[in-house]
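A short reminder: the numbers here are calculations on the coordinates, not readings from a lab. Predicted model only: the values in this text are computed from it and were never measured. Because the Cβ atoms are built from the backbone with ideal geometry, glycine has one as well, and the counts that use them run over all protein chains shown.
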Amino acid sequence: MARKTETRRDIPTLHVFPLDENAVDFIMKSDEIKDYIYEHTYKGIEDAFKNNKKTAPLFKLNTSDSYIELSDSEWIKAINSCISYYEKKEKFETCVNLTNLRTNINKSKTPKVII
């Protein structure tokens, strides 16, 4: 069954100035930035999967042309991390949506047997 193709999402920008060790510490402690990262990890993977891409651009860094991307081999691990995050936040509807996305990705990777 072919996957439905939808319009690609606009890739958001994560503004972190300056991008140094202090910024990394701030990112790791900021709930707002964690929410942003997990949301766009989920949306980036979902969009890439729907559009049959091998990489998922999650967001741009600052005003550069540098993107944070995940290859399709990393999607399941990232989705599992997102599910754990959203379980702690008690956002169970998002967990269900992520679980469905993970199932669909796994199904698409399963070799099909033709008899």
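Please compare each pair in Lys34/Lys54; Lys29/Lys107; Lys88/Lys112 to a cut-off of 28 Å on the Cα-Cα distance and tell me which ones are over it.
Lys29/Lys107; Lys88/Lys112
Please identify the GluC sites (Glu not before Pro) of the range 31-106 that satisfy two criteria: DSSP loop assignment and at most 10 other Cβ atoms within 10 Å. Which are they?
Within the range 31-106, the qualifying GluC sites (Glu not before Pro) (loop, at most 10 other Cβ atoms within 10 Å) are Glu90.
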